[in-house]
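Just below is one structure, and these are the notes that go with it.
The numbers here are math on the coordinates, done by the rules we state, and not lab data. Just so it is clear, the structure is predicted and the values come from calculations on it, not from any experiment. Here the Cβ positions follow ideal geometry from the backbone for every residue, glycine too, while neighbour counts run over all protein chains shown.
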Amino acid sequence: MNMIAIKTANLTQNFREIADLVIGGEKVLVSRPRNENLVVITEKEYNELERLRQNAEYLAKLDASLKEARQGKVTKYTKQQMRAMEVE
């Protein structure tokens with residue numbers, strides 16, 4: 001993965017040009033003191049990363065639930081008990 005590295009001053013001085021690069025598909029690393037760097041990506045890329053993160057969390061929960069079920073850590077209900085728990 002190629003990435004353009006710039007300093008904070010370059011970002012503020014050349015924001016329009018940097019934004020155009022990012023919209024064009026470039027990844028931009030903004031280097032800051034104490035290695036507190038930032039990466040500039042498009043909103044579309046951010047939303048995709050967030051969706052992937054949420055999917056990973058959901059899959060981890062499913063895996064944990066499946067593991068518990070295989071260990072017999074389940075609660076069983078009859079149809080009648082389930083109907084009694086329904087919200088009207």
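What's the exposure ranking of L52, L21, L29, going from fewest to most Cβ atoms within 10 Å? Walk me through the intermediate numbers first.
On the way: L52 10, L21 16, L29 13.
The fewest-first ordering by Cβ neighbours comes to L52, L29, L21.
Within a straight-line Cα-Cα reach of under 27 Å, K7 can be paired with the following lysines, leaving aside sequence neighbours fewer than 8 residues apart in one chain: K27, K44.
Cβ-Cβ distance of Y77 and N55, R₀ of 41 Å, FRET efficiency by 1/(1 + (r/R0)^6): the value works out to about 0.90. Each 5 Å bin from zero up to the one holding the largest Cα-Cα distance in the chain carries the following percent of pairs: 3, 11, 13, 12, 11, 9, 7, 6, 6, 6, 7, 7, 3, 1.
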